Amino acid sequence: MMAVLLSACSTENEDLTVPVEIVEPITAPADAEPEKQSSVSDESSDTYREIYRQVVTEMEGDALTFSLIYLDNDDIPELAVCDRGYEAYSIYTVKDGRTFCMMDAMTTVEMAYFERGGVVSTFARWNGGGDEGGYGWYYYQVSGDKTLVDGDLPTLYFTYDATYDKEGNWTGEGVTKYYHMDQEIDEVAYQQMMNELGIVEGNKKVLADNAFGKMEMLDQLGKQKEGQILEQSFATDLDGFGKVVFAPFEPVSYPSENPDYGTTMFGDVRFMLLSASTGEKVYEFPGETEDNILEGFNQFTQVLSVAFRDYNDDGRMDILLLLEYEDASGQTFRKARAYTQDDGETEFRLDRSLSEYLGDYTESMDRIWEGISGYWKKAVDPFGAASEWDMERFAKRVRKQILEGDYESLAKECAYPIWIDGESFEDEEALLASGLLQNLPQSFVDVIREETCEDIFHNWRGYMLGNGEVWFEELLNMDLDHMDFSSKGIKIIGFNLILTSYGSVSVPEETSESLTEEEKLLNERMEYYRKSAYYPEIIDYWENVREVTDVSNRITPLYESDIRYLTKEDLTFEPQVVIHLAKNEIYARHGYIFKDQDLYNYFMGCIWYTPTTAPEDFSDEVFNEYEKENLKLLDELDSM
C-alpha cells in the first residue's frame, strides 16, 4: 500500500488552521545587501511547529522520513517529506496560518534543494545512466503561490546522452544539451541563468540526508531545547552513540571581568548530541577554547553548514562544520571545524591542525571537502607520493597491530633487512623466527598505547612512534640512470627497545647479576629519561649532531660549563632545547631539585645527577666563576 503524502492543496488542510499574531515586517535599509535582508515571518515558532505536527501525525507509511529545511528566504523552515518506497517527495510551508503544499509527491531518483534559494532539483537517468548511458538534472523554482507536481516544466535543465558508433560501441564521448523552459540554449547562456538563479553546486543539499522518522520528527517539533538552532540540527548515526540528533546551540555569554575587553565576554556556538527518543543531552563537543569564550570582540553569527563524512578513512563518521563570525568592525568571516573520534574512543576531539588548514577553503562545504583532499595529498617528500595523512594512517595501523599482537601483519610492514637494537634480520621469515615481535616487552607496548599518531615527530631518518620504539619512512626507488624516484611504499625501517631499552643496557635475566653498578643505575633511571618532553629532541641531537649512539649522553653533561668559559661561537648552531638544558645543567650539577617535571625527569635520567637541594634552600654561592659567566651567556640565549 502506497503511503499517502498529504497535499496541502486539498480540502483536508482546512482543519490545519491555527490562529496567529500578525507581526509587522521590518523594512531593511535601502543600502542593505540582498543576502542580509531576511523577511520576518508572521508565523511564530510555536505556530509552525503545531501545524507541522498535525501534518506529520496524519501521514501513514513505514517508508516516510521527514526533515526541516530552509528553502525560501524567511525564518520559518519548510517541512520536507520523502516516501523512500516510491521515491516521492513533498514540501510544505506555512502560509496565512495554515499549511501550504509547495511540492506535491514529485518522483525522482534524487531530490536536492538550494538553501534559501527557492530552487529544487531532480535527477533522472536512462539507458543505464553514467557516461555510457544518459542522465539529466532538472531545476525548478518553488514558491508559496503554486504547487509543483510531476509534469511541470523545469526552469532549467540539461541532458547527457552517450554516443555510439555503427557497431554499437561507445565512442567514449557524449552529447550534452541545455534548456531553458524547454527551449534549447547554449552552455554560456545556461550557466549565466544558473548564476542568476543562485544555483551553485556548493550550496546544494540532498533532501533525504539526515532525515527523521515519524516519531523522531514529532519529538523534534514538540521538544526544541532552549537555545537550539533547529535549522542546523540533524538526525544521524554516530559510532558509539547510535541514532542521535546533532544540535548546535546559541552561545552563552558572560559579564566581562576585564574592562579592557568591554562589558561582555562573548561565548562561542555550542554543539551537542541529543537522544533521538527523549531529546536529552547525551554528549557535548569540546569548543575551540577550554571555556568556549571567543577572543577579543568577535561574535558568533550562524552555522552555515553541517556535514557528516568519514574524512580520514577510518570507517567512522566525522563531523565537518562551516561557521560564520563577525568582528568588532562588523565584518563577517568564516571558520571551519572538523571533529573526529580516535581509534577505540567514543568522545570526539577537535582536529585542530585540519581545522586551521581549512581556513582557506570556507566558501562552501564543497570547498572544505576539496581542502581536505588537498590536506591529505600534501606530499612529505618532494619525490614521493606519501602524504601526512598516509603517514598518520600507517602509524595507526602499526599501533593497532602492536596492541592486538598481530605480529605477522607487523612483520609484513617492515623493509628488509631491518635492524632491531643493533641486530639485523634479512627477511620476514628470519624476523618471525626470532620471536621478538611475538614477545614485545610490556614497556614497549605501553609506550605505543600512549601514542596518538598525530603530529608525529620526524627528521631526516624518518617518522618516530613512541619514544623511538618504531621508525618508519616512505621508501623511494633511487635509480639515477633512469631518473626513477617513484615510491616503494611506507615501511618500518627499525625497532628499538625490544632487545634493550634505548640508552639502557638491559640484558637477559640470567646474566643481569653481571651488570655493573653504573649499568644498573642507567636501567633504573631510563624511565625518567623517556618521560621527559625533551627526550625526542635531545636523542635526535645526540645521534645526529654529536653522533653519539650509546649511553654516553646519560653519563656525562652536555658541556663542561664548570671548568671552562663557553662562547657564543660554541652555541651559535645549537638548538634551543640544548641551550635550555645546558643552562639548567649548571644547577643540576649542584643537586638542584627541579619543580618543572620535564626538567626533573630529564636530569633524573642522567646518572651524574643527584637531587639534594630544594629550590628554597638553594644558594647561587655554590657556583664558581666559570658557571656564573656561563649562566649569564646561556640565559641571554635561552628563549624557552
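Once the piece of chain linking Asn73 and Glu87 is laid out straight, how much longer is it, given 0.36 nm per residue of separation minus the C-alpha distance between them? Mind showing how you got there, number by number?
Working: separation 14, 0.36 × 14 = 5.04 nm, distance 2.63 nm.
Length difference between fully extended and current span is 2.4 nm.
Considering only protein heavy atoms and a 1.4 Å probe, what is the carbon-and-sulfur percentage of the accessible area of the range 120-251?
C and S atoms contribute 46 percent here.
Tell me, how many Å apart are the Cα centres for the range 413-464 and for the range 329-373?
Spelled out, the Cα-based centre of one part sits 33 Å from the other.
Once phi is turned into ³J(HN,Hα) by the Karplus curve 6.51 cos²θ - 1.76 cosθ + 1.60 with θ = phi - 60°, what whole-Hz value does each residue of the range 597-605 show in order, with x for glycine and proline?
5, 5, 5, 4, 5, 4, 6, 5, x
To the nearest 0.05, what FRET efficiency results for Val188 and Phe618 with a Förster distance of 60 Å applied to their C-beta separation? All intermediate terms of the calculation are to be shown ahead of the outcome.
Working: r = 80 Å, r/R0 = 1.33.
Efficiency at R0 = 60 Å is approximately 0.15.
Going highest first, how would you order 329-335, 535-541, 359-365 by mean Cβ packing within 10 Å?
Per-residue Cβ counts within 10 Å, averaged per peptide and sorted highest first, yield 535-541, 359-365, 329-335.
Can you tell me how much longer the chain between Phe333 and Ala208 gets when fully stretched, taken as 0.36 nm per residue apart minus their C-alpha distance, in nm with one decimal?
Working: separation 125, 0.36 × 125 = 45.00 nm, distance 2.97 nm.
My answer for the length gained is 42.0 nm.
Which order, highest average first, do 245-251, 123-129, 163-169 follow once you tally other Cβ atoms within 10 Å for each residue and take the mean per peptide?
Ranking, from highest mean packing down: 245-251, 123-129, 163-169.
Given a Förster radius of 56 Å and the C-beta distance between Ala124 and Glu547 as r, what FRET efficiency does 1/(1 + (r/R0)^6) yield to the nearest 0.05?
Working from the Cβ atoms, E equals 0.20.
How large is the Rg to Rh ratio of the range 101-236 when both quantities use alpha carbon positions and Rh follows Kirkwood? It would help to have the intermediate numbers written out before the result.
Numbers: Rg = 18.5 Å, Rh = 17.4 Å.
Here the Rg-to-Rh quotient is 1.07.
Using a 7 Å offset from the Cα along the Cα-to-Cβ direction at both Trp170 and Glu110, what is the distance between the two label points in nm, to one decimal?
1.7 nm
What is the gain in length, in nm to one decimal, between Asp150 and Leu218 on full extension, counting 0.36 nm per residue of separation less the C-alpha to C-alpha distance?
Working: separation 68, 0.36 × 68 = 24.48 nm, distance 2.79 nm.
Working it through step by step, the gained length comes to 21.7 nm.
With every protein chain present, what is the per residue accessible area of the range 58-114 (1.4 Å probe, Å²)?
32 Å²
The values are calculated or read from the model by the stated rules, or taken from the named source; none is laboratory data. All of these numbers come straight from a predicted model, not from anything done at the bench. Every residue, glycine as well, gets a Cβ built from its backbone with ideal geometry; the counts of neighbours run over all protein chains shown. What goes into the accessible areas is simple: the full protein's heavy atoms, side chains included, and nothing from ligands, DNA or RNA. Shrake-Rupley method; radii C 1.70, N 1.55, O 1.52, S 1.80 Å.
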